[in-house]
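Visitor: Here you go, one structure.
The values are calculated or read from the model by the stated rules, or taken from the named source; none is laboratory data. Since the model is a prediction, treat every value here as computed from it, not as a measurement. Using ideal geometry, Cβ is built from the backbone for each residue, glycine included, and neighbour counts are taken over all protein chains shown.
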Amino acid sequence: MVDSGAHPVPPASGHGGFAPTQWSVVRDAGGDPARRRAALEALCRIYWPPIYSYLRRRGHSPADAEDTTQAFFAHLLTGDFFDRPDPERGRFRGYLVGALRQFVSHERAHTDAQKRGGHLTFVDLSGLDTEREYAAVDHAQLDPSEAYELSWAVTLLGQAMRRLEAEQRAAGRGPAFAALKPLLHSTPGPGDYDRIATALDTSRATVAVWLHRLTRRLAELVKLEVAATLENPADADQELQHLLHVFRR
């Protein structure tokens, strides 16, 4: 086998600049309807799984949970969510689920999905298997708030993984990443390094180095995703510890 000399990730170079926080996305929407809509859609594309999971654990059927998720997004767009964001209420995950709880409480009297959301679509879930996504994180012992937090943690990890994959593909390292990606989700088994080394025409030692670098870069990207949900990105380490606790329980 020949060591090609290619590297699936460059050496880690620190965390760089933090991405805009979700609080800044909300604030920057201002009073411009087009910007409000764009900001909402950006948030909905990321955070519909925790909303859906919360509703399912509250006993909503799959269809009802999807309708209510859409109605909640509509409520955010037409209400004062963009006008009065208050970072003092907590981290963005707490602020969002608080808004959801208020919405669900106020909507209990309206059991007709047409009354709740008018079947207006504010984020396209048609191409997503919402129930499969929910089942992947569902545990019978979780209450709605715990299900929401677990789905939130999984969502942020998924965002980081997608960013890592995009980086690797942009750098021309897609095939190497595809081969190594399964080992980012689970502990390598006997023969995994040798099998991947053969497939990539490189050495076992090089595979180990590549995997280490990918793992390190993924950790950096997870921290960036977490920081983006905070008013103060410096609180990312504390929030990471909380989300790790969510995974463990």
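Visitor: Quick one: which of T215, T202, T187 is of a type in the set (S, T, Y) and part of a helix (DSSP H, G or I)?
Guide: Every option except T215 fails the conditions.
Visitor: Does any residue of segment 130-149 turn out to be at pLDDT 70 or above, of a type outside the set (D, E, K, R) and under 18 Å from C44 (Cβ atoms)?
Guide: Checking segment 130-149: at least one residue is at pLDDT 70 or above, of a type outside the set (D, E, K, R) and under 18 Å from C44 (Cβ atoms).
Visitor: More than 21 Å from Y47 (Cβ to Cβ), of a type in the set (A, V, I, L, M) and assigned to a helix (DSSP H, G or I): does that describe L224?
Guide: No; evaluated as a whole, the condition is false for this residue.
Visitor: Of these, L200, L211, which one is touching a Leu at 6+ places or on another chain (Cβ under 7 Å) and surrounded by 15 or more Cβ atoms within 10 Å (Cβ to Cβ)?
Guide: L211
Visitor: Does A234 meet the test of being of a type outside the set (D, E), within 19 Å of Y95 (Cβ to Cβ) and part of a helix (DSSP H, G or I)?
Guide: yes
Visitor: Name the single residue, out of those in segment 146-173 being of a type in the set (G, A, S) and exposed (fewer than 14 other Cβ atoms within 10 Å of the Cβ), that is nearest to Y54 (Cα to Cα).
Guide: Taking the candidates together, the pick is A166.
Visitor: Still on this structure, please answer the following. Condition first: touching a residue at least 12 places away in the same chain (Cβ under 8 Å), within 18 Å of the chain's Cα centre (by Cα) and more than 16 Å from G94 (Cα to Cα). Can you find one or more residues in segment 207-216 that meet it?
Guide: The answer is yes, given that some residue of segment 207-216 is touching a residue at least 12 places away in the same chain (Cβ under 8 Å), within 18 Å of the chain's Cα centre (by Cα) and more than 16 Å from G94 (Cα to Cα).
Visitor: Can you say whether A178 is surrounded by fewer than 17 Cβ atoms within 10 Å (Cβ to Cβ), within 20 Å of H242 (Cα to Cα) and either under 19 Å from the mean Cα position of the chain (by Cα) or modelled with pLDDT of 95 or more (or both), as far as the supplied structure shows?
Guide: Here the answer is no, as A178 does not meet what is asked.
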